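See structure below.
The values are calculated or read from the model by the stated rules, or taken from the named source; none is laboratory data. Keep in mind that this is a model prediction, so the values were computed, not measured. In this analysis, Cβ positions are derived from the backbone assuming ideal geometry, glycine residues included, and neighbour counts consider all displayed protein chains. Quick note on the areas: whole protein, heavy atoms, side chains included, nothing else; ligands and nucleic acids left out. Shrake-Rupley method; radii C 1.70, N 1.55, O 1.52, S 1.80 Å.
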Amino acid sequence: MHTRYTGRTLVREIVLIAVAVIWFIPILALVNVSLKPVNSQTNALTFAWPPTLENYGAAWEQASLGAALVNSAIVAVVSIVFIVAISALASYPLARVTRRWSRWTFYGVLGGLLIPAQLALLPLYATMRDIGLLGSLWAVILINVGTAMPFSIFLYTTFLRDLPLEYEEAALLDGCGPVRSFLSVVFPLVRPATGTVVILNLVGIWNEFFVPLLYLSGSGNATAPVAIYSFVSQYVTVWPLVFAGLVISVIPILIVYFSLQKYVIKGFAGGLKG
């Protein structure tokens, strides 16, 4: 059906373009500063000519970004695997069992969303110290998995409640047990929820700064944000190298995000209906 182009449509387009321009300004400043000479005194939105790529090479070498990106990738991939496996399995009985304990357990899991992570800061640090995980990537992985559980279980549970039971009933008639039915039939059907859980947690884990700084400082296992922080000191901050490091570190996560974008939208639609 053809829609008439009205004055309201024009105003709406102008507003959207203005919002897009405002949103683009920080990205422009980020890239622009990363291309400036280290001793440049101009502001973030003033272009310096000719641009230089030396900051990218210097940031890569001085911050050991190659090793830091590998550490970030290990933390992110292992955390996401545990988050998806545990939250999907935990949400299945919460979505299918209609008894009172299931409902109250689900509310208890949601209560985890309301607890500030800062409350557990000192007990977790003491626990990691006592079990010898300070300086290990496993300390960051365990904390990431624990903090991501409430939201991931909520998203999976609400999505599973909208999934028709006929698929599982057909699988049970074919001789599948509950576990086989979940792994072979249900889990492939919740791909949109899985895509949303993966990308939202991945972005948060990849950009996480405070937890790796607390548990990995001085260990030689720095992740990318902590490695980039080495360019920041009390008296001197080398912003072109900081921004060049940020541009390098954001490229992998952008590739993953755009490859899973359609699942994120479907997953949010399913979760919001619950």
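Within region 54-106, count every residue that is in a helix (DSSP H, G or I), polar (S, T, N, Q) and over 19 Å from Ala222 (Cα atoms). Total meeting the criteria: 5.
Mind checking whether some residue in region 5-24 is at pLDDT below 80 and basic (Lys, Arg)? Checking region 5-24: not a single residue is at pLDDT below 80 and basic (Lys, Arg). Under the condition of being more than 24 Å from Ala48 (Cβ to Cβ), of a type in the set (Val, Ile, Thr) and open to solvent by less than 20 Å² (accessible area, probe 1.4 Å), the residues counted in region 227-255 number 1. Within region 1-26, the set of residues being open to solvent by less than 60 Å² (accessible area, probe 1.4 Å) and either aliphatic (A, V, I, L, M) or part of a loop (DSSP other than H, G, I, E, B) (or both) comprises Thr6, Ala18, Ala20. Taken over region 201-224, residues that are under 15 Å from the mean Cα position of the chain (by Cα) and surrounded by 20 or more Cβ atoms within 10 Å (Cβ to Cβ) amount to 9.
Checked against (1) within 25 Å of Leu202 (Cα to Cα); (2) of a type in the set (A, V, I, L, M, F, W, C); (3) in contact with a Phe, Trp or Tyr (Cβ under 9 Å, 6 or more places away or on another chain), Ile80 passes all but condition (3). Just the residues that are at pLDDT below 85 and touching a helix residue (DSSP H, G or I) at 6+ places or on another chain (Cβ under 8 Å), please, taken from region 153-164. Residues satisfying the conditions are Asp162, Leu163. For region 134-153, filtering for residues that are without any contact (Cβ under 8 Å) to a residue 40 or more places away in the chain and open to solvent by less than 50 Å² (accessible area, probe 1.4 Å) leaves 1. The number of residues in region 154-185 being open to solvent by less than 80 Å² (accessible area, probe 1.4 Å) and in contact with a Leu (Cβ under 7 Å, 6 or more places away or on another chain) comes to 4. Determine whether region 30-53 contains at least one residue that is more than 30 Å from the chain's Cα centre (by Cα) and assigned to a helix (DSSP H, G or I). Within region 30-53 (the criterion being more than 30 Å from the chain's Cα centre (by Cα) and assigned to a helix (DSSP H, G or I)), the answer is no, since none of the residues qualifies. Taken over region 101-133, residues that are within 30 Å of Tyr167 (Cα to Cα) and open to solvent by less than 90 Å² (accessible area, probe 1.4 Å) amount to 6. Look at region 73-100: where a residue is touching a residue at least 40 places away in the same chain (Cβ under 8 Å) and under 11 Å from Leu160 (Cβ atoms) and a partner is open to solvent by 70 Å² or more (accessible area, probe 1.4 Å) and in a helix (DSSP H, G or I), sitting 6+ places away or on another chain with Cβ atoms under 8 Å, you get Ala95/Arg161.
Scan region 43-54 and tell me whether some residue there is at pLDDT 90 or above, open to solvent by less than 60 Å² (accessible area, probe 1.4 Å) and polar (S, T, N, Q). No, the conditions are met nowhere in region 43-54. Evaluate the following for Leu65: is it touching a residue at least 40 places away in the same chain (Cβ under 8 Å), under 28 Å from the mean Cα position of the chain (by Cα) and buried (at least 20 other Cβ atoms within 10 Å of the Cβ)? The answer is yes for Leu65.
Of the helices (runs of 4 or more DSSP H) lying entirely inside region 164-217, those carrying at least 3 residues that are more than 20 Å from Ile153 (Cβ to Cβ) are 166-173, 210-216.
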